[in-house]
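Structure record follows, encoded as C-alpha cells.
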Amino acid sequence: MIPRWCVQLYRLTVPTLPSTSRGMTTVVNRGFCGKVIPNCWSCLTCKNARSTLFCDKCGQLQPPSKVNLFEYVGIQARFDIDESEVKKKLIQLSSKIHPDKFSTATQREKDLSEEHTRLLSTARSMLNDPVKRGRYLIQLAKGDKHIHVEDDDVQKRESFSPEILMEIFELNEKVEDALNEKEKEEILKEIGERRTEMEKRITNALKKGSIDEAEKEINKLAYLQSIRMRLMDSIRG
C-alpha cells in the first residue's frame, strides 16, 4: 500500500518495455516514498498501487501487473488449492482478456490481450499440476519470482535415499508385471492413495516452512505421476 503521506509530486514520462509498448510511453507517478505507480497508458489517469485488468476511468485493458501467478488468478498462494475455484477463476479471466474480444481494438490492446493470454496459459499449466505448483511455491518461498519451473527429474533422482529408490523400482516392476486391466486398475488405486498422502505431507511441510522436506516429497510425487501416466497409457493401449 502507498502511505497516505506519499502524495503525487510530479508526473514522469518513461519508455515502457518493448515487449508491450511497441515504442509507446507510459506516464507514472512518484511520491515521497519513491514508489512508482503506473498510470493508465490510454487516459493517463493515476491508478491505485494495486493495479487491475482494466482502467476504472476509460475501461482500457492494462499491462499484466507484476504479481505471482496465484495473485494474478486471484487465489491464495498455497499448495492445497480448491481446484474448482481455480477453474472458475481461470474461466472468468479468459472471458475478459481473450484476443477475440479485441479483434477490432487498437494494436496496443491486441498486444496486451495476447500478453495476458500467454500469462493465463502459464498459470493454468502451473496451478493445475501439483508438481509444478509445488515447485513454484518453493521458488516463491526462496524469493525467486521468475516462472521457470523445471520438468527435468533426472538429477532430482540422485538426491533420493536408497529406500525411496527401491520403492520407485518396486512400483515400476509392479507396472511391468501387471498382466491384465484389473491388476493395472489396482495399481492405479494404490498410486492414488500414495499421491493423496504425499500431497498432505507437502502441504504440511510448506505450512511449516520446511522447504527441503517439501522439495523431496514433490520430487517423489513427480516420479509417481510419471508412473501413473505410463500405466494409464498402457490401459488405453
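The values are calculated or read from the model by the stated rules, or taken from the named source; none is laboratory data. In this text the structure is predicted, and so the values were computed from the model without any measurement. Glycine gets a Cβ as well: all are built from the backbone with ideal geometry, and neighbour counts include every protein chain shown.
Of all residues being in a loop (DSSP other than H, G, I, E, B) and surrounded by 10 or more Cβ atoms within 10 Å (Cβ to Cβ) in region 151-189, which is modelled with the highest pLDDT? Just the residue, please.
Ala178
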Yes or no: region 97-117 includes at least one residue that is at negative phi and under 14 Å from the mean Cα position of the chain (by Cα). yes
Cβ pairs under 6 Å, 6+ apart or interchain, first in region 118-130 and surrounded by 17 or more Cβ atoms within 10 Å (Cβ to Cβ), second hydrophobic (A, V, I, L, M, F, W, C) and in a helix (DSSP H, G or I), ordered by first then second residue, are Leu120/Leu93; Ala123/Leu69; Ala123/Val73; Arg124/Leu90; Met126/Leu69; Leu127/Val86
So for region 126-137 (the condition being over 20 Å from Thr203 (Cα atoms) and either in the same structural domain as Arg228 (by TED's automatic domain parsing) or of a type in the set (Val, Ile, Thr) (or both)), does at least one residue qualify? no
Please enumerate the residues belonging to region 58-101 that are among the aliphatic types (A, V, I, L, M), within 22 Å of Gly143 (Cβ to Cβ) and not in a loop (DSSP other than H, G, I, E, B). Leu69, Val73
